[in-house]
Amino acid sequence: MPDAAEFRRRLETYYVHYYRDTLAISGWRDLVEVRLADEAHEGRRLERLERVLGRPVRGRRLLNVGCGPGGFSAIAHRAGAEVWGVDASPEAVALAAVRTPNAHALLAEAEALPLPDRSFDIVYCYSTLEHVTSARRAVCEMVRVLRPDGVLYLHTPNRWACFEGHYKVFWPPGLPRPLVSAYLRARGRPTAFLRSLRPLSFRQCRALLEGAGARIVRVLDDLGDRPVGGPLWPLVRAYYRLFGIRPHLEFVAGRRGKA
């Protein structure tokens, strides 16, 4: 990587702005340090993806939708995938391009991927769908660029969960936007980020995938036992179990009909 010290400085600036300035997380420094040495973090995501797919990414053409500054793209590229990443943030794309020069980093919205039809074996979308302006168009685009025998991996927070993973706070589920803003202000947190946050429900995600011409192969639900809410965790867990709530929505899908 050319000029590693300068890259680290830019990456640190990127994450300090996100965790400290945008979200005002009290433990922002620890989160920044994790991101500055994110190989283990992103490696676990790759291991999960390969386990879920039942195949390695080596030799596959992989599209990372919402690639950020390229941590996962770098790990997947090192594992032997031909990686393309897209992101709507110019700085994120610039960092991703420096981090993995032999991968491809494109500045683009998920709703308008500048890529050919049926051109990827794997489309990977982790914690991005909740930020797009039109989830319907974004999912249609991801299915459009998927090869007939390709796999779409989609991971996004559930709007009915009791933990908000960006702000990293206990989250009363289903509150209208004005009440969410009031809740965050009461906790001394900024609210501008809410304009980019549109979490979806399980039914909404399923309908988006099926409406885009995808067939759902697997729905995973093994990440729901992380305690949240401190002393409220027993109530949160009971709520999840009673109503069948998955804190995160994790789908594996393919093209319907494979044709």
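For the stretch 164-188, give me the residue count where each residue is of a type in the set (Lys, Arg) and not in a helix (DSSP H, G or I).
2
Within the stretch 93-110, does at least one residue satisfy the condition of being surrounded by 22 or more Cβ atoms within 10 Å (Cβ to Cβ), small (Gly, Ala, Ser), out of contact with any His (no Cβ under 6 Å at 6 or more places or on another chain) and assigned to a helix (DSSP H, G or I)?
Yes, the stretch 93-110 has at least one match.
Rundown of residues vs (1) under 19 Å from the mean Cα position of the chain (by Cα); (2) at pLDDT 90 or above; (3) part of a loop (DSSP other than H, G, I, E, B); (4) farther than 14 Å from ALA161 by Cα, yes/no style:
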residue: PHE193; (1), (2), (3), (4): yes, yes, no, yes
residue: ARG206; (1), (2), (3), (4): yes, yes, no, yes
residue: LEU209; (1), (2), (3), (4): yes, yes, no, yes
residue: VAL219; (1), (2), (3), (4): yes, yes, no, yes
residue: ASP222; (1), (2), (3), (4): yes, no, yes, yes
residue: ASP225; (1), (2), (3), (4): no, no, yes, no
residue: LEU232; (1), (2), (3), (4): no, no, no, no
residue: TYR239; (1), (2), (3), (4): no, yes, no, no
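Every residue in the stretch 1-30 that is in a helix (DSSP H, G or I) and either farther than 22 Å from PRO90 by Cα or small (Gly, Ala, Ser) (or both), please.
ALA4, ALA5, TRP28, ARG29, ASP30
List pairs: first residue in the stretch 188-212 and without any contact (Cβ under 8 Å) to a residue 40 or more places away in the chain, second residue part of a helix (DSSP H, G or I) and surrounded by fewer than 17 Cβ atoms within 10 Å (Cβ to Cβ) anywhere in the structure, Cβ distance under 7 angstrom, at least six positions apart or on different chains.
Filtered contacts from the stretch 188-212: THR191/SER181; THR191/ARG185; LEU194/ARG177; LEU194/SER181.
When the residues of the stretch 35-80 are narrowed to those that are in a loop (DSSP other than H, G, I, E, B) and under 14 Å from the mean Cα position of the chain (by Cα), which ends up nearest to LEU11 (Cα to Cα)?
PRO69
The values are calculated or read from the model by the stated rules, or taken from the named source; none is laboratory data. Everything quoted here is computed from the prediction, not taken from an experiment. FYI the Cβ positions are ideal-geometry reconstructions off the backbone, even for glycines, and counts take in every protein chain you see.
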